[in-house]
Amino acid sequence: GYALMAGAHGFWMLLLGRTLTGFAGGLTAACIPVYVSEIATPGVRGALGATPQLMAVFGSLSLYALGLLLPWRWLAVAGEGPVLVMVLLLSFMPNSPRFLLSRGRDAEALRALAWLRGTDTDIRWEFEQIQDNVRRQSTHMSWAEARSPHMYRPVLIALLMRFLQQLMGITPILVYLQPIFESTAVLLPPKDDAAIVGAVRLFSVLIAAVTMDLAGRKVLLFVSATIMFAANLTLGLYVHFGPKPLTPNSTVGLESMSLGDTEPPLATPSSYLTLVPLVATMLFITGYAMGWGPITWLLMSEILPLQARGVASGLCVLVSWLTAFALTKSFLLVVNAFGLHVPFFFFAAVCVASLVFTGCCVPETKGRSLEQIESFFRTGRRSFLH
């Protein structure tokens, strides 16, 4: 895909290359969280589960930095580097022990677990737990099994988490970040604001990776949704009642938004009130990156049953990206029809719904093995403590 884009002699080559890289990105987005969760020990699974999101943010910032120096063709060439490194390093990595046991390759699974845990670690108890869990499940899931609560409940929780994660507005806010800043009165240049938000995003994901195994998943989800609610509500109120920019903006159709009959005062470059959109957006990105961003991916790989893990993780990614696509395409339509403040109020309402959903449906998985988590759904217990 990158080679096609780098050497493109026509628009069709760019589309084909982007299609291939998008397909590959979808595969890795579905596989990496599952693979990481299956090879990690419970004590570090949270930190390791946050690294895909951390690396994704770091990669985006790196490409933005390279984009200031290189033309787009050379950016595609630069994309080949991580791909080749990944192919090389993956050749030394074993399949996960759970996958190998599900295929009847017990000896290979034992060797893989010994390689992952180190030669000095006693792996017999962990191997027997994984082996027992795999043997209790059939290789292919029947329709009757799919209708069982221990099977569909975790799948529904994972799907709804991916759906709510996107409905909170992360994708349209990141896509239209600079136009949003240009359509509101800001003290700093919009390009500088976007760069600052990107750096805050990287720092916040790093905080999540460090604290996830200490604070727990549910606590961070509650804190994350609360911060995003406050940020979205602030942005909506600022856009509706705050100052307007001195010059009209014509970027991506945001100029047609209506803020009502009463015209707010025009902003001056020295007004510190114009820092509100930047601070609120930084707060939103911080909240998302420390909770609903990485934890949604992690919980997806933790709670999905072994039988349905492959198909269900792919379905979760599909739901997530379809929701992101629909929300991004409809964002400008809503802005032009009702005003820029309306989407932010909608995102704030979704954050409230996510708080209720987390409290009622999401289990705490900190420090639990994947076998314990699956047993939790199988037995229908309300707590791991019983």
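The values are calculated or read from the model by the stated rules, or taken from the named source; none is laboratory data. Please read all numbers here as calculations on a predicted model, not as lab measurements. Because the Cβ atoms are built from the backbone with ideal geometry, glycine has one as well, and the counts that use them run over all protein chains shown. Note: areas computed on protein heavy atoms with side chains; ligands, DNA, RNA excluded. Shrake-Rupley method; radii C 1.70, N 1.55, O 1.52, S 1.80 Å.
Could you grab the pairs with beta carbons closer than 6 Å, sequence gap of 6+ or different chains, first residue in the range 87-104 and among the aromatic types (Phe, Trp, Tyr), second one in a loop (DSSP other than H, G, I, E, B) and open to solvent by 80 Å² or more (accessible area, probe 1.4 Å)?
none
Could you tell me how many of the residues in the range 297-315 are at pLDDT 85 or above and either buried (at least 19 other Cβ atoms within 10 Å of the Cβ) or in contact with a Ser or Thr (Cβ under 8 Å, 6 or more places away or on another chain) (or both)?
0
Answer yes or no as to whether VAL34 is β-branched (Val, Ile, Thr) and touching a Ser or Thr at 6+ places or on another chain (Cβ under 8 Å).
So VAL34 fits the description; yes.
Please find, within the range 1-20, the residue that is most open to solvent (accessible area, probe 1.4 Å) out of those that are assigned to a loop (DSSP other than H, G, I, E, B) and either over 20 Å from PRO82 (Cα atoms) or aromatic (Phe, Trp, Tyr) (or both).
Taking the range 1-20 and keeping what is assigned to a loop (DSSP other than H, G, I, E, B), we get 1, 7-10.
Imposing the further condition that a residue be either over 20 Å from PRO82 (Cα atoms) or aromatic (Phe, Trp, Tyr) (or both) reduces the set to 8-10.
Numbers: ALA8: 5, HIS9: 171, GLY10: 22 Å².
So, considering only residues that are assigned to a loop (DSSP other than H, G, I, E, B) and either over 20 Å from PRO82 (Cα atoms) or aromatic (Phe, Trp, Tyr) (or both), the one most open to solvent (accessible area, probe 1.4 Å) is HIS9.
Within the range 55-86, can you find the residues that are among the hydroxyl-bearing types (Ser, Thr, Tyr) and open to solvent by 60 Å² or more (accessible area, probe 1.4 Å)?
TYR64 - this is the single residue of the range 55-86 that is among the hydroxyl-bearing types (Ser, Thr, Tyr) and open to solvent by 60 Å² or more (accessible area, probe 1.4 Å).
Scanning for something over 22 Å from HIS240 (Cβ atoms) and at pLDDT 90 or above, does the range 347-354 turn up at least one residue? Talk me through it step by step, then tell me what you get.
Let us first name the residues in the range 347-354 that are over 22 Å from HIS240 (Cβ atoms), namely 354.
Now drop any that are not at pLDDT 90 or above, which leaves 354.
The answer is yes; a qualifying residue exists.
Pairs, please: C-beta under 7 Å, at least 6 apart or cross-chain, first residue closer than 18 Å to ALA6 by Cβ and part of a helix (DSSP H, G or I) and in the range 58-72, second open to solvent by less than 80 Å² (accessible area, probe 1.4 Å) and modelled with pLDDT of 75 or more?
LEU63/LEU75; LEU66/LEU75; LEU66/ALA78; GLY67/LEU75
Cβ contacts < 6 Å: first residue farther than 22 Å from ALA6 by Cα and free of Cβ contacts under 8 Å to residues at least 40 places away in the same chain, restricted to the range 19-35; second residue assigned to a helix (DSSP H, G or I) and open to solvent by less than 50 Å² (accessible area, probe 1.4 Å), any location; separation 6+ or different chain. Result?
ILE32/PRO52
Has the range 360-373 got at least one residue that is farther than 16 Å from LEU221 by Cα and of a type in the set (A, V, I, L, M, F, W, C)?
Yes, that holds for at least one residue.
Let me confirm something: among LEU61, LEU70, LEU14, which residue is out of contact with any strand residue (DSSP E or B) (no Cβ under 9 Å at 6 or more places or on another chain) and under 22 Å from GLY291 (Cα atoms)?
Result: LEU61 is the single residue among LEU61, LEU70, LEU14 that is out of contact with any strand residue (DSSP E or B) (no Cβ under 9 Å at 6 or more places or on another chain) and under 22 Å from GLY291 (Cα atoms).
Considering PRO33, PRO42, PRO52, which residue is within 26 Å of GLY314 (Cα to Cα), open to solvent by 30 Å² or more (accessible area, probe 1.4 Å) and in contact with a Gly (Cβ under 8 Å, 6 or more places away or on another chain)?
Values: PRO33 fails: open to solvent by 30 Å² or more (accessible area, probe 1.4 Å); PRO52 fails: in contact with a Gly (Cβ under 8 Å, 6 or more places away or on another chain).
Result: PRO42 is the single residue among PRO33, PRO42, PRO52 that is within 26 Å of GLY314 (Cα to Cα), open to solvent by 30 Å² or more (accessible area, probe 1.4 Å) and in contact with a Gly (Cβ under 8 Å, 6 or more places away or on another chain).
Does the range 350-373 contain any residue that is more than 29 Å from ALA215 (Cβ to Cβ), surrounded by 15 or more Cβ atoms within 10 Å (Cβ to Cβ) and among the aromatic types (Phe, Trp, Tyr)?
Checking the range 350-373: not a single residue is more than 29 Å from ALA215 (Cβ to Cβ), surrounded by 15 or more Cβ atoms within 10 Å (Cβ to Cβ) and among the aromatic types (Phe, Trp, Tyr).
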